[in-house]
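Encoded as structure tokens, the structure appears first; notes follow it.
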Amino acid sequence: MRLREFGGFAASALIAGAVLWSFVTTDVELSRLMSAGPRIAGFLGRMFPPDPTVMAEIMKGSAETLRIAILGSLGATVLSIPLGILASETMVSRAVFRPIRMLLAFIRAIPLILVAMLMVGAVGLGPLPGIIAIAFHATGMLAKFYAEAIDGVSRAPIAALESAGAGPLVRLRHAIWPQMAPVVARDTIFRFELNLRESLILGIVGAGGIGFYIQTYVRSFQYDKAASVTIAVVLMVIAIEGINVALRRRFA
């Protein structure tokens, strides 16, 4: 058996073993799931018909969620530009990009909800901790995307400028940026969409947004009002998804 075939077989066996181990060691009982059906139906029944009297709260929470996503994405973009350059092996030496990549991996490893809780404890309730949490957490991924976009460009224009004595910033502006601009635009738009989805749940820990109203109504057993907010969230996500698809096609 060839080494490549053995590697593929070993990977398949490892995946199959992990799935089997998960089923065997996890307390999954189909009978429990079947018996939960009536309770789920009862919960959903209490949510309908939705209560339209909370429209003012929905508009306020939706606007705050959108502001958190916009400002958090802006902060992440500003932070990711220099970090993406420093994490690129095309732009800097190994001694620089290795630690930066480790830093970005560390940032990505911290759960967003934990960052939001820490920020709420540090700066108090409201949208500010949500903005900081989104900006911090998104930087770990966005800077990685930017670095990969830089490293993925054609080397020929870069080599031509290097032979002419051009410095790193000149190479970035005239040889790298024209090639990576569509990729950067696509990744930034995608990250904004993800930030919006994540900002919807930040209200659960008091970091502002429409999620605050969802957890408030659910905890107070006002399920009809929670249903109205949930419908608004679904419509918002669908609208943003449509806008992002159009923008991605524009920059493709």
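The values are calculated or read from the model by the stated rules, or taken from the named source; none is laboratory data. Keep in mind the model is a prediction, meaning the values are calculated, not measured. No Cβ is skipped: glycine too gets one built from the backbone with ideal geometry, and neighbour counts run over all protein chains shown.
Exactly one residue out of Met119, Met55, Met59, Met102 is over 30 Å from Phe212 (Cβ atoms) and either in contact with a helix residue (DSSP H, G or I) (Cβ under 6 Å, 6 or more places away or on another chain) or assigned to a helix (DSSP H, G or I) (or both), and it is Met102. Just one of (1) at pLDDT below 75; (2) loosely packed, with under 10 Cβ neighbours inside 10 Å trips up Pro49, so point out which. Of everything listed in (1) at pLDDT below 75; (2) loosely packed, with under 10 Cβ neighbours inside 10 Å, Pro49 misses just condition (1).
Can we say Met55 is closer than 30 Å to Thr230 by Cα, exposed (fewer than 14 other Cβ atoms within 10 Å of the Cβ) and touching a residue at least 12 places away in the same chain (Cβ under 8 Å)? For Met55, the condition - closer than 30 Å to Thr230 by Cα, exposed (fewer than 14 other Cβ atoms within 10 Å of the Cβ) and touching a residue at least 12 places away in the same chain (Cβ under 8 Å) - is met. Output the residues belonging to the stretch 201-252 that are within 22 Å of Asp187 (Cβ to Cβ), without any contact (Cβ under 8 Å) to a residue 24 or more places away in the chain and not in a helix (DSSP H, G or I). Selection gives nothing.
Yes or no, residue by residue, for (1) surrounded by 15 or more Cβ atoms within 10 Å (Cβ to Cβ); (2) more than 28 Å from Met91 (Cα to Cα); (3) of a type outside the set (Asp, Glu); (4) modelled with pLDDT of 80 or more:
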position: Ile113; (1), (2), (3), (4): yes, yes, yes, yes
position: Ala116; (1), (2), (3), (4): yes, yes, yes, yes
position: Ala135; (1), (2), (3), (4): yes, no, yes, yes
position: Met141; (1), (2), (3), (4): yes, no, yes, yes
position: Ala156; (1), (2), (3), (4): no, no, yes, no
position: Gly167; (1), (2), (3), (4): no, no, yes, no
position: Ala175; (1), (2), (3), (4): yes, no, yes, no
position: Ala185; (1), (2), (3), (4): yes, no, yes, yes
position: Thr188; (1), (2), (3), (4): yes, no, yes, yes
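Determine which single condition Met141 fails, assuming it passes every other condition in (1) in contact with a His (Cβ under 9 Å, 6 or more places away or on another chain); (2) among the aliphatic types (A, V, I, L, M); (3) over 19 Å from Arg67 (Cβ atoms). Only one criterion in (1) in contact with a His (Cβ under 9 Å, 6 or more places away or on another chain); (2) among the aliphatic types (A, V, I, L, M); (3) over 19 Å from Arg67 (Cβ atoms) is unmet by Met141, namely (1). Within the stretch 69-124, which residues are closer than 19 Å to Val153 by Cβ, under 20 Å from the mean Cα position of the chain (by Cα) and of a type in the set (Phe, Trp, Tyr)? Selection gives nothing. Checking every residue in the stretch 193-208 against the condition of being out of contact with any strand residue (DSSP E or B) (no Cβ under 9 Å at 6 or more places or on another chain), of a type in the set (Asp, Glu), closer than 30 Å to Leu125 by Cα and modelled with pLDDT of 80 or more gives at least one match. Out of Arg67, Arg32, one residue alone is surrounded by 10 or more Cβ atoms within 10 Å (Cβ to Cβ), charged (D, E, K, R) and in a helix (DSSP H, G or I). It is Arg67.
Selection of first residues in the stretch 143-162 that are among the aromatic types (Phe, Trp, Tyr) and of second residues that are part of a helix (DSSP H, G or I), restricted to Cβ pairs under 6 Å at least 6 apart or on distinct chains, gives the following pairs, ordered by first then second residue: Phe145/Asp187; Tyr146/Ser80; Tyr146/Gly84.
With respect to the conditions (1) surrounded by 16 or more Cβ atoms within 10 Å (Cβ to Cβ); (2) under 26 Å from Arg101 (Cβ atoms); (3) among the aliphatic types (A, V, I, L, M), Val78 falls short on a single one, namely (1).
Scanning the stretch 174-191 for residues that are farther than 19 Å from Asn244 by Cβ and in contact (Cβ under 8 Å) with a residue 60 or more places away in the chain yields a single hit, Ile176.
Residue-by-condition table, conditions (1) over 26 Å from Val78 (Cα atoms); (2) acidic (Asp, Glu):
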| site | (1), (2) |
| --- | --- |
| Ile189 | no, no |
| Glu193 | no, yes |
| Arg197 | no, no |
| Leu202 | no, no |
| Thr216 | yes, no |
| Phe221 | yes, no |
| Lys225 | yes, no |
| Val229 | yes, no |
| Ile240 | no, no |
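Residues checked against (1) closer than 20 Å to Ile70 by Cβ; (2) among the acidic types (Asp, Glu):
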residue: Glu198; (1), (2): yes, yes
residue: Ile201; (1), (2): yes, no
residue: Gly209; (1), (2): yes, no
residue: Gln215; (1), (2): no, no
residue: Lys225; (1), (2): no, no
residue: Ile240; (1), (2): yes, no
